[in-house]
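Remarks on the structure that follows.
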Amino acid sequence: MNSGETSLSRGTLARHSGVNSETIRYYENKGLMPDPQRSAGGHRIYDQSHLKRLSFIRRTRALGFTIREIHNLLDLVDSEEYTCADVRDRTIVHLRDVEQKLRDLQKMKRTLDSMVSKCDGGLVPECPIIDALFDA
């Protein structure tokens with residue numbers, strides 16, 4: 001580690017990044033985070049590059065990217081041989097997936113709206129929502 005870099009424990013990294021400590025461990029196990037250096041006592045020592053990478057992962061997860069998609073993006077970045085077009089193409093594929101999910105959610109909403117509109121909320125055990133769910 002360079003002398004100008006700040007060393008961070010996993011707990012400190014978690015606090016600075018807004019990512020749970022166990023989630024950091026999960027990302028390490030999935031190969032999204034590089035192995036940190038270890039102290040003489042075996043404790044993991046993280047630096048600013050880990051914080052930056054973790055922020056990237058957190059942001060891509062917030063945008064709905066899968067672990068595999070994030071891994072692919074990070075592989076591009078790590079290779080240092082990517083182009084903006086490469087990243088754009090992968091983002092367009094993800095965008096298309098998001099658009100399909102939105103269409104699916106709108107369809108679910110219409111179905112649920114229809115089911116709810118047929119139910120008067122009465123105090124009897126007959127319920128058109130339950131009937132519709134069994135009929136589906």
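Observations on the structure shown:
- Within region 48-71, the presence of a residue that is assigned by TED's automatic domain parsing to the domain that holds Ser9, touching a helix residue (DSSP H, G or I) at 6+ places or on another chain (Cβ under 8 Å) and at pLDDT below 95 is excluded.
- Glu22, sole failed condition from (1) loosely packed, with under 11 Cβ neighbours inside 10 Å; (2) part of a loop (DSSP other than H, G, I, E, B): (2)
- Of the residues making up region 23-65, those that are among the basic types (Lys, Arg) and more than 24 Å from Asp89 (Cα to Cα) are Arg25, Arg38, Arg44.
- Among the residues making up region 83-96, those that are of a type outside the set (A, V, I, L, M) and free of Cβ contacts under 8 Å to residues at least 12 places away in the same chain are Thr83, Cys84, Asp86, Arg88, Asp89, Thr91, Arg96.
- The listed residues are Leu112, Leu54, and the only one of them that is under 30 Å from Asp131 (Cβ atoms), surrounded by 12 or more Cβ atoms within 10 Å (Cβ to Cβ) and hydrophobic (A, V, I, L, M, F, W, C) turns out to be Leu112.
- Residue ID - farthest from the chain's Cα centre (by Cα), chosen from residues in region 100-136 that are over 30 Å from Gly64 (Cβ atoms) and of a type in the set (Asp, Glu): Glu126
- For region 40-68, a tally of residues being in contact (Cβ under 8 Å) with a residue 12 or more places away in the chain and basic (Lys, Arg) returns 3.
The values are calculated or read from the model by the stated rules, or taken from the named source; none is laboratory data. Just so it is clear, the structure is predicted and the values come from calculations on it, not from any experiment. Cβ: placed from backbone, ideal geometry, glycine included. Neighbour counts: every protein chain shown.
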